[in-house]
Amino acid sequence: MIILIGLLTGIISAMGIGGGAILIPALIFFAGTKQHVAQSVNLISFIPVAAIALIIHYRNNNLDTEHALILIFSGFVGAYIGSAFAVRLPGEILSRLFAVFLFIMGGYEMLYKKK
């Protein structure tokens, strides 16, 4: 089951969709991990998947390096703030915040994306 979860999230992540939307719930419901652990696994598994996707997109000239540098810096700052906040929250609250995030993103995709 873990191999299947990893395969599916790797494919989704490499497409730029966000494998965490699948990986975190799958680890919680099918592998029985706690919310904090599932989110940590998601973050560490993101590194090699992102590196491979980056290489492929770079080879296909799909990178805007000017914006990428700004995003990298602000992403580091946001990651520090977010992780400092997340480790202080109880797992149940963190789980509910993640569910709200997925709900909002799903609504956005359905209502505001061009067909």
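Flag: Asn42 does not match the condition of being of a type outside the set (A, V, I, L, M) and surrounded by fewer than 10 Cβ atoms within 10 Å (Cβ to Cβ).
Sub-9 Å Cβ pairs linking a first residue in the range 1-14 that is in contact (Cβ under 8 Å) with a residue 40 or more places away in the chain and under 13 Å from Ile52 (Cα atoms) to a second residue that is in a helix (DSSP H, G or I) and small (Gly, Ala, Ser), at least 6 apart or interchain, are Ser13/Gly20; Ser13/Ser45; Ser13/Ala50; Ser13/Ala53; Ala14/Ala50; Ala14/Ala53, ordered by first then second residue.
No value in this document is a laboratory result; all are computed from the given coordinates. Nothing here was measured: the structure is a model prediction, and the numbers come from that model. Note that we place each Cβ from the backbone using ideal geometry, even for glycine, and neighbour counts take in every protein chain shown.
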